[in-house]
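S.K.: The structure's right below; bear with me while I get my questions together.
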Amino acid sequence: MKKLLLMMLALTLAACQENSPQRSTANLMELPAPELGESWTTKNEDQAENILNHTRDMVNERAATSGVMNRDAHPKAHGCVRATFTIDNKNLPAAQRVGVFGDDQKTFDAWVRYSNGDPDGAKKPDAEKDVRGMAVKLMNVAEAASGSQDFLMITAKEFFSKDGDDYLALFKGLTGGSVRLALYALTHPLSAKRLLGARVKIANPVTANYFSSVPYKLGNRSMRFKAEPCVAPTDKVPASPSARYLQEGLVKTLAAGSACYNFFVQPNLDPEHNPVEDPRVIWDEKKSPYIKVATLTIPQQGGITSVEQTNFCENLSMDPWHSHAQTRPLGQINRMRSLIYKEISRMRHDGNRTTVLEPVNHTPCVGPTAALCETPKK
Ligand code: HEM
């Protein structure tokens, strides 16, 4: 009987913790008022705190075995490379020439980080199916509070979670054993389909297509964005790929020459069928066409796997909320990210005894940002 009571008490405490998660920061309170079809309640704030607490636990658990405190998602980097981003806004309607897209022909210096998404994938071979990432950081964007404009993209056009409820259900499915996962897939068929579709094999990080997956603001509309190689790729996944063939491909391609992407925005011209609060939905490209707004150029370069540049890549913080207000992230999933990215970045930098800093040029290892190139320590 005593054992049963103790068990009931433990279950009640666990449930209370689930319903009233510990508040960690006030930055959810600072989010802009919902607009363009967004919906955000105190329940979503609790969900964000819940996801953050689970994420912290997982980051701590993995660090206990690996030593270094890696990112929770996208821990395996193929490399960080120098780039430029030149605006070409002539085809954008005037009301959407906002943020970094406001100045035609302006060129920003940028960094690009390529990654595999699997939280447990730091040591997994590249040949396994995974969500692949390309995060672009434009530097010296005076109007963005962080000083940078970050575009985080993955190889999936649509995201796999609708909202906070859906993301938490997936999380419980993934961490609750095969029966719970099967139950999740049965009760969330569209999300499960998107998740399966998001995991892909790619031939080379610089020849894949990357998408924002979730919506952002573009002046008076919502939008999605994407980066597409300027020349249609012809390369294939190697027949016997090494565990790091994506890094090898990146290094080899950029040693031989430059790479280039056309960067497009997709202003949402059909908000009724393209809801901001369900990023699993496909936006019809005939009704809401993509418009080219920039060219991302990655010049020929070496040094990608040097110790300093590898440290820099680990110490970098990409965050969708590093943005001009007029191109800010939209929707519940993105609002949750505003809490989680900042906190997890701070936590891993504390854990690795490194410093959260934004790079301001292509030589970050000298001068005031030199700490960005220090080796993460136990
Ligand atoms: C609620 C949903 C999401 C959560 C909880 C989440 C969580 C995270 C976390 C904790 C990091 C590491 C941050 C750091 O330590 O600096 C990260 C990185 C990343 N996430 Fe997400 N994420 C979510 C949704 C998305 C979506 C919708 C995308 C679509 C583009 C995305 C793409 C990425 C990429 C590309 C990175 C790697 C950035 C880099 O290279 O540093 N995530 N995510």
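The values are calculated or read from the model by the stated rules, or taken from the named source; none is laboratory data. Computed from a predicted model, the values in this text were never measured in an experiment. Methodologically, a virtual Cβ is constructed for each residue, glycine included, from the backbone with ideal geometry; neighbour enumeration extends over all protein chains shown.
S.K.: Filter the range 65-79 for residues that are within 6 Å of the ligand (Cβ to nearest atom) and not charged (D, E, K, R); which is nearest to Arg346 (Cα to Cα)? Reasoning before the result, please.
M.R.: Restricting attention to the range 65-79, the residues satisfying the condition of being within 6 Å of the ligand (Cβ to nearest atom) are 71-74.
When the remaining residues are screened for being not charged (D, E, K, R), the result is 73-74.
Values: Ala73: 15, His74: 16 Å.
Among those residues, the one meeting the criterion is Ala73.
S.K.: Could you count how many residues in the range 286-301 are in contact (Cβ under 8 Å) with a residue 12 or more places away in the chain, over 16 Å from Tyr114 (Cβ atoms) and either part of a loop (DSSP other than H, G, I, E, B) or of a type outside the set (D, E, K, R) (or both)?
M.R.: Of the residues in that region, 9 qualify.
S.K.: Right, another one. Taking the range 216-265 as the search range and keeping residues that are in contact with a Cys (Cβ under 7 Å, 6 or more places away or on another chain) and more than 22 Å from Gly117 (Cα to Cα), which one is surrounded by the fewest Cβ atoms within 10 Å (Cβ to Cβ)?
M.R.: If we take residues in the range 216-265 being in contact with a Cys (Cβ under 7 Å, 6 or more places away or on another chain) and more than 22 Å from Gly117 (Cα to Cα), then Cys230 is surrounded by the fewest Cβ atoms within 10 Å (Cβ to Cβ).
S.K.: Which pairs have Cβ atoms under 9 Å, sit 6 or more apart or on different chains, and link a residue in the range 198-225 that is in contact (Cβ under 8 Å) with a residue 24 or more places away in the chain and farther than 20 Å from Ser39 by Cα to one that is part of a loop (DSSP other than H, G, I, E, B) and aromatic (Phe, Trp, Tyr)?
M.R.: Ala198/Phe159; Ala198/Phe160; Phe225/Tyr290
S.K.: State the number of residues belonging to the range 195-215 that are surrounded by fewer than 22 Cβ atoms within 10 Å (Cβ to Cβ), of a type outside the set (A, V, I, L, M, F, W, C), in contact with a strand residue (DSSP E or B) (Cβ under 8 Å, 6 or more places away or on another chain) and in a helix (DSSP H, G or I).
M.R.: Residues in the range 195-215 being surrounded by fewer than 22 Cβ atoms within 10 Å (Cβ to Cβ), of a type outside the set (A, V, I, L, M, F, W, C), in contact with a strand residue (DSSP E or B) (Cβ under 8 Å, 6 or more places away or on another chain) and in a helix (DSSP H, G or I): 1 in total.
S.K.: Scan the range 100-121 residue by residue and report those that are more than 10 Å from the ligand (Cβ to nearest atom) and surrounded by fewer than 23 Cβ atoms within 10 Å (Cβ to Cβ). I'd like the intermediate steps shown before the answer.
M.R.: First pass over the range 100-121, keeping only residues more than 10 Å from the ligand (Cβ to nearest atom): 100-110, 118, 120-121.
Correct list: Val100, Gly102, Asp103, Asp104, Gln105, Lys106, Thr107, Phe108, Asp109, Asp118, Asp120, Gly121.
S.K.: Which residue pairs have Cβ atoms under 9 Å apart, sit 6 or more places apart or on different chains, and have a first residue in the range 315-330 that is within 21 Å of Glu35 (Cβ to Cβ) and of a type in the set (A, V, I, L, M) and a second that is within 9 Å of the ligand (Cβ to nearest atom) and modelled with pLDDT of 95 or more?
M.R.: Here the result reads Leu330/Val214, each pair linking the range 315-330 to a residue that is within 9 Å of the ligand (Cβ to nearest atom) and modelled with pLDDT of 95 or more.
S.K.: Identify, by number, the condition in (1) within 14 Å of the ligand (Cβ to nearest atom); (2) out of contact with any Ser or Thr (no Cβ under 6 Å at 6 or more places or on another chain); (3) not in a helix (DSSP H, G or I) that Arg62 doesn't meet.
M.R.: Among (1) within 14 Å of the ligand (Cβ to nearest atom); (2) out of contact with any Ser or Thr (no Cβ under 6 Å at 6 or more places or on another chain); (3) not in a helix (DSSP H, G or I), the lone unmet condition for Arg62 is (3).
S.K.: Across the range 150-177, what is the number of residues that are away from the ligand (no atom under 14 Å from the Cβ) and in a strand (DSSP E or B)?
M.R.: 0
S.K.: Please determine, by comparing only the residues of the range 123-149 that are assigned to a strand (DSSP E or B) and of a type outside the set (Gly, Ala, Ser), which one is nearest to Gly37 (Cα to Cα). Quick ask: steps written out before the conclusion?
M.R.: Step one: of the range 123-149, the residues assigned to a strand (DSSP E or B) are 130, 132-138, 149.
Now restrict to residues that are of a type outside the set (Gly, Ala, Ser): 130, 132, 134, 136-138, 149.
Details: Asp130: 31, Arg132: 29, Met134: 27, Val136: 27, Lys137: 27, Leu138: 28, Gln149: 23 Å.
Ranking the qualifying residues of the range 123-149, first place goes to Gln149.
S.K.: Which residue pairs have Cβ atoms under 6 Å apart, sit 6 or more places apart or on different chains, and have a first residue in the range 93-107 that is in contact (Cβ under 8 Å) with a residue 40 or more places away in the chain and a second that is in a helix (DSSP H, G or I)?
M.R.: Final answer for the pair search is Val98/Gln326; Gly99/Gln326; Gly99/Thr327.
S.K.: Working only within the range 203-232, note down all residues that are among the β-branched types (Val, Ile, Thr) and either under 12 Å from Ala156 (Cβ atoms) or touching a helix residue (DSSP H, G or I) at 6+ places or on another chain (Cβ under 6 Å) (or both). Write out each step before concluding.
M.R.: Just the residues of the range 203-232 that are among the β-branched types (Val, Ile, Thr), to begin with: 206-207, 214, 231.
The answer is Val206, Val214.
S.K.: So which residues in the range 323-359 are within 12 Å of the chain's Cα centre (by Cα) and either more than 11 Å from the ligand (Cβ to nearest atom) or not basic (Lys, Arg) (or both), if there are any at all?
M.R.: Within the range 323-359, Pro329, Ile333, Asn334, Ser338, Ile340, Tyr341 qualify.
S.K.: Turning to a different aspect of this structure: Being over 13 Å from the mean Cα position of the chain (by Cα) and either within 12 Å of the ligand (Cβ to nearest atom) or within 20 Å of Tyr261 (Cα to Cα) (or both) is the filter here, so list the residues in the range 122-147 that pass it. Quick ask: steps written out before the conclusion?
M.R.: Kept after step one, since they are over 13 Å from the mean Cα position of the chain (by Cα), are these residues of the range 122-147: 122-130, 138-147.
Scanning the range 122-147 gives Asp130, Leu138, Met139.
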